[in-house]
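Colleague: Below you'll find the structure I mean.
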Amino acid sequence: MFEPININRRAFLRVAAVGAAAAAVGPLAQAAITGDAPETVVKTLYDSLTEKQRGEVCFPWDHKDKDR
């Protein structure tokens with residue numbers, strides 16, 4: 001049948017993280033490679049976010065940090 005693969009947790013997490021990052025950036029990289037306008041790439045990123053993620057990273061045009 002199949003031979004078991006000996007892999008430690010660290011190596012597994014590294015491979016899983018790289019795979020997750022590649023899956024997340026794939027559409028953006030494709031848009032950049034095809035020469036799409038920056039606005040199109042930003043829209044692709046925005047559409048890939050969940051509502052919670054959008055709340056964390058998207059601000060109104062006139063947003064100012066309270067710290068500054």
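We did not get these values from a lab; they are worked out from the coordinates using the rules stated. Note that the coordinates shown come from a computational prediction; the quantities given were computed from them, not determined experimentally.
Colleague: Extension gain F12-T50, at 0.36 nm per residue separation less the Cα-Cα distance, in nm?
Modeller: Taking F12 through T50 to full extension adds about 11.1 nm, to one decimal.
Colleague: What whole-number distance in Å separates the alpha-carbon centres of the range 1-22 and the range 51-68?
Modeller: 35 Å
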